[in-house]
Every structure is written in C-alpha cells, then in structure tokens.
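Below is one structure, written out as structure tokens; the observations come after it.
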Amino acid sequence: MTSFDKKIFIAGAGGMVGSAVRRCFEHDGFTHLLTPSSADVDLTDQKRVREFFSESTPEIVIVAAAKVGGILANNTYRADFIYQNLMIEANVIHAAFESGVEKLILLGSSCIYPKFAEQPMREEELLAGYLEFTNEPYAIAKIAGIKLCESYYRQYGCNFISLMPTNLYGPNDNFDLETSHVIPALMRKFHEAKERGDSNVTIWGSGRPRREFMHVDDLAGAILFAMRIVEAKDLYERGISHLNVGTGSDVEIIEVAKMIKDVVGFAGEIVLDSSKPDGTMRKLLDVTRMHDLGWHHKIELRKGLGEVYKWFMKRTSATAV
C-alpha cells in the first residue's frame, strides 16, 4: 500500500487527465501532491525540470503532460507534436531517474498502434506495422516514451511503467472546434446548433467507424490502481512493454452523435457528409491484462456524456458572466 504522505508529482495537472488524477488522488486521501503549472515548470526545459526535481524531491511521478489535439492539429503541427512530447518525456523520465524516484507512470495513447492493427488491439501489436500518417509524429513520441521507461528499467532497474489509454473525454476537455477530439467537438456543435435554432448538424463521414471512449475519471482510477499494484519487473520480464486501459467495447460514431444530440436536447436532424473521410474504421483496445489484474472501468458512456455536458454548461455560463 502506497503511503498517503508520499510526494506525488502530477506532470500536467492542469489538463483534462492531470486534473482528473488530482481529483482522484485527493479523494483517496493523498495529501502531498505536487501540481506545478506549465508557467511554473516548463517541462520542455531540461534545466528547469532538473531544478524542480532537486527542489521538490518527488517520490512518485505521473506523466500526464503532453501536447495533444485532434486529427487537424496533429497533421498541421507535426513538428510541434513530436518535439514537445519527446522533450517532456525525456526530461521528466531522466530527472526521475537521477532523483531516485520510486515509481513513474507514463501515459500514452492508443494511436501508438499500427493503422491496420488486428482488432481489438493487444499490447503485442506495438511496432507491428505502419502508423496512421496524420498522427505519426505524436505516436512516435509516445512510443519513444514507452521505450524510455522500459530502457531505464532494463539498464538501471527503475520502476517506470507505461499505460496506454483509449479515447478519453471528461471535464476540462478541449472544446475548440479546430483542435478538439470527436466528443467535445460534437458536444459543442450540437449545443451551438441548439442555441441558434438550427435544423441540422453535419458530421463527417458515414458515421460507421467504431471507436472506444472512456471517461477520464476511469483513467485516473486505473492510474491509482497501477501505482499500487503494477511493478515494472512484472511487465518487462514477461515481455510486456505497457498496459492498455479502456472499456473493452466500442460504438459507431453515429451512435455517439445520437447520444450527444439527446444529452444536449437538440431537436434537429443529423446530416452525414459522406464526402469527408471516415479514417480508420475501427480502433478498440484489448484490455484483458488490466481486467485480469482486477481493474474495470465504472462510468458508462451515456451517463458520462450527461455529466460532461452539465460541466460544459456550467463552464459556458461562468464564461458568459
């Protein structure tokens, strides 16, 4: 059992994932959380990161910091995505090694898997084929992070592990239509259409691609679970480089759109723009290993969407004031 007074550094505590981890750990009773903002500690600055570790001496590190975005952002800002994510991972992981951190958990993304990976995607699919071009720089950075954790274990015995979550949604998500992922983008589109009194909302593609979605609070619970029971030795000595974290089930995009339409209360129609690309038709993680260890998600999609829309409305109202 991890002591509640351990000093835990949550890198990226201001983001959707980091803020969920903070809520989860505080609720569980941890009292010494280190949550500097990006203004306080620029994680792409190696000197500043080393200074922070020297000054704060964290004992456990959760790497939730990353530059993230949707397809458009990933494909447009390719250099930014690979450079910033590589720097964050390298700086934090190396500083954790130098400081003798007891345990580190790096968070990645399901985009690490090949474009044509077998479904559902098992951990063994990593590096088994070509990546999706649009998010290749981000994926390569995340794969490098996995291999950094594994390499620091193999050379130095560091207890550094990686978790690969599926598509996430939740409070503090990015609702910018230019850079957001599918759920916050659809939620904002339906909300604004309702406010304007529009007769329809258009979504890209056929609506038939299937995706897996998990509430960010479930990921936070998985991180807490892994911090307590998953050891680097148990993974790497069995030839496993990381663990998938997801719900184990997927849904068609059109069905997600219908759920969000219902949650928002939009009375118009959904129009499918089949001239736009569908992308990969299915992306589902195999979460057998996490299930075998004893972890399962708790928040079902329809309920989670309702909770996020309530949060979105409160934020929108507060911004308007």
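Could you check, for region 144-160, whether at least one of its residues is outside any helix (DSSP H, G or I) and charged (D, E, K, R)?
No, there is no match, as no residue in region 144-160 is outside any helix (DSSP H, G or I) and charged (D, E, K, R).
Please enumerate the residues belonging to region 265-299 that are loosely packed, with under 15 Cβ neighbours inside 10 Å and of a type in the set (V, I, T).
Residues satisfying the conditions are V271, T288.
Counting just the residues of region 169-187 that are in contact with a Ser or Thr (Cβ under 8 Å, 6 or more places away or on another chain) and surrounded by fewer than 20 Cβ atoms within 10 Å (Cβ to Cβ), which one comes out farthest from F312 (Cα to Cα)?
Ranking the candidates gives N174 first.
Confirm whether I62 is among the β-branched types (V, I, T) and either more than 25 Å from F175 (Cα to Cα) or part of a helix (DSSP H, G or I) (or both).
Here the answer is no, as I62 does not meet what is asked.
Could you grab me the full set of residues in region 180-190 that are assigned to a loop (DSSP other than H, G, I, E, B) and closer than 16 Å to L301 by Cβ?
Of everything in region 180-190, just one residue is assigned to a loop (DSSP other than H, G, I, E, B) and closer than 16 Å to L301 by Cβ, namely H181.
Between a residue in region 16-40 that is more than 17 Å from L104 (Cα to Cα) and any residue that is polar (S, T, N, Q) and assigned to a loop (DSSP other than H, G, I, E, B), which pairs come within a Cβ distance under 9 Å, given they are 6 or more apart or on different chains?
M16/N172; M16/N174; S19/T35; S19/N172; A20/N172
Filtering region 204-219 down to residues that are hydrophobic (A, V, I, L, M, F, W, C) and assigned to a strand (DSSP E or B), which residue is surrounded by the most Cβ atoms within 10 Å (Cβ to Cβ)?
Among those residues, the one meeting the criterion is M214.
From G70, G108, G145, which residue is within 15 Å of A11 (Cβ to Cβ) and touching a His at 6+ places or on another chain (Cβ under 8 Å)?
None of the others qualify; the one that does is G108.
Can you tell me which residue among I62, I8, I82 is surrounded by 21 or more Cβ atoms within 10 Å (Cβ to Cβ), under 18 Å from the mean Cα position of the chain (by Cα) and hydrophobic (A, V, I, L, M, F, W, C)?
Result: I62 is the single residue among I62, I8, I82 that is surrounded by 21 or more Cβ atoms within 10 Å (Cβ to Cβ), under 18 Å from the mean Cα position of the chain (by Cα) and hydrophobic (A, V, I, L, M, F, W, C).
With respect to K233, determine if the residue is in contact (Cβ under 8 Å) with a residue 12 or more places away in the chain, surrounded by fewer than 13 Cβ atoms within 10 Å (Cβ to Cβ) and in a helix (DSSP H, G or I).
yes
Within region 97-142, how many residues are outside any helix (DSSP H, G or I) and either surrounded by 19 or more Cβ atoms within 10 Å (Cβ to Cβ) or of a type outside the set (K, R) (or both)?
Looking only at that region, the number is 25.
Name, by its number, the condition in (1) over 21 Å from L126 (Cα atoms); (2) polar (S, T, N, Q); (3) crowded, with 16+ Cβ neighbours inside 10 Å that does not hold for S241.
Here S241 meets the rest and fails (1).
Could you list, ordered by first residue, the pairs with Cβ atoms under 9 Å in which the first is in region 178-189 and closer than 11 Å to V256 by Cβ and the second is assigned to a helix (DSSP H, G or I) and of a type in the set (D, E, K, R), at least 6 apart or interchain?
L186/K261
Mind telling me which of the residues V251, V308, V271, V256 ends up being aliphatic (A, V, I, L, M) and either closer than 30 Å to L148 by Cβ or free of Cβ contacts under 8 Å to residues at least 60 places away in the same chain (or both)?
The match here is V251.
Against the definition (closer than 20 Å to P184 by Cα and either part of a loop (DSSP other than H, G, I, E, B) or at pLDDT 95 or above (or both)), how does T280 come out, yes or no?
In short, yes.
Of these, A257, A193, A226, which one is under 23 Å from the mean Cα position of the chain (by Cα) and either over 22 Å from M121 (Cα atoms) or not in a helix (DSSP H, G or I) (or both)?
A257
The values are calculated or read from the model by the stated rules, or taken from the named source; none is laboratory data. Fair warning: this is a prediction, and the values are worked out from it, not measured in the lab. Neighbour counts run over all protein chains shown; Cβ positions are idealised from the backbone, glycine included.
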